[in-house]
Amino acid sequence: IAVPEALGGGGLGTVEAAVLLEQTGARLAPVPLLQQLVALAALAGGPWGDRLLSGETVACVARTPLQRAGEGSVSGRTEPVVYGARAGVLVAPAGDELVAVDLAGVARSPEPAMDQTRELAWIDLDGATAVPVGGADEVAAHLDRGAVFHSAEMLGAAETVMNLAVEYAKVREQFGRPIGSFQAVKHRCADMLVDVEAMRSAVYHAAWALGTGGREAAETAAVAKIWCSDAAVRVAESALQVHGGIGFTWEADVHLYLKRVQLDSVSFGGARHHRARLADVLRDRVESGAGIWPDQ
């Protein structure tokens, strides 16, 4: 999607990738599309890029820096990584570089996930081969992409679970009338819509900024992840309240959306992490003599 046509991709941009990820969140698609998009941004044009584009293997990505074990290798144990059990390559920071780690023969330990549509695994990287694929700027872009793409997926999930709640409120009757006619339920549904539309604005502004490579990419990515991490969980929890007890049964999909956004909300840093990151970006900008806003 976001890989140049000359390198075998679709030649589209970050905004188009966000549109697609919004739909994977809406459908709870159990596919490593998000991980592929983040990884290909760094690996396209190289040997791993060709393998990922051909479908020969899949990638996993991480935010937490890896430990250097010497020239060309990394060590230690990763945090639980989505699709880490089946991936052929891991893309993650290591010091001030972004590296691609060959996972052939590397030990992995499955970790149960709240979101049953996804797999998590710990990866033991004792001496695994790591090839640099970018410097400090690419590390920053990697973190921004992960934040924006997870936010896009949360947007799709939040909007869908909101729509499920609204439709349920129209047909579920209590005291002889649809529950959607009660003011408390109306207000809860209206609050969900406000959250979702604010998520949409934050996600697509951040996706646009990331695609242009401008100065505001870091802060818009942080803002999107801050808002979406909180709002998506809030929307899913409200949808569950509208459904009542049936929302936690296997006959309903509401709890599946709650579990998806719970995992996405902490992936590539939760709201607290990105609040601190946003504060650092703005403080550095002010201390350097520049204004808070990019055009100042």
Would it be correct to say that Ile292 is under 13 Å from the mean Cα position of the chain (by Cα) and either modelled with pLDDT of 95 or more or not in a helix (DSSP H, G or I) (or both)? no
Quick check, is Val242 within 22 Å of Gly25 (Cα to Cα), modelled with pLDDT of 95 or more and in a helix (DSSP H, G or I)? yes
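Residues checked against (1) assigned to a strand (DSSP E or B); (2) at pLDDT 95 or above:
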residue: Leu40; (1), (2): no, yes
residue: Leu53; (1), (2): no, no
residue: Arg68; (1), (2): yes, no
residue: Glu79; (1), (2): no, no
Within the stretch 24-37, which residues are in a helix (DSSP H, G or I) and loosely packed, with under 15 Cβ neighbours inside 10 Å? Arg27
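Look at Gly245 and say whether it is closer than 19 Å to Arg188 by Cα and assigned by TED's automatic domain parsing to the domain that holds Ala184.
yes
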Which numbered condition Arg188 fails, given (1) touching a helix residue (DSSP H, G or I) at 6+ places or on another chain (Cβ under 6 Å); (2) of a type in the set (D, E, K, R); (3) closer than 26 Å to Pro32 by Cα; (4) free of Cβ contacts under 8 Å to residues at least 60 places away in the same chain: (3)
Quick test of your reading of the structure: Ser181 fulfils all but one of (1) polar (S, T, N, Q); (2) under 30 Å from Arg283 (Cα atoms); (3) surrounded by fewer than 14 Cβ atoms within 10 Å (Cβ to Cβ); (4) at pLDDT 95 or above. Name the failing condition by number. (2)
Of the residues Gly127, Gly146, which is touching a residue at least 12 places away in the same chain (Cβ under 8 Å), in contact with a Ser or Thr (Cβ under 8 Å, 6 or more places away or on another chain) and crowded, with 20+ Cβ neighbours inside 10 Å? Gly146
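The values are calculated or read from the model by the stated rules, or taken from the named source; none is laboratory data. Quantities reported herein were computed from a predicted structural model and do not represent experimental measurements. Using ideal geometry, Cβ is built from the backbone for each residue, glycine included, and neighbour counts are taken over all protein chains shown.
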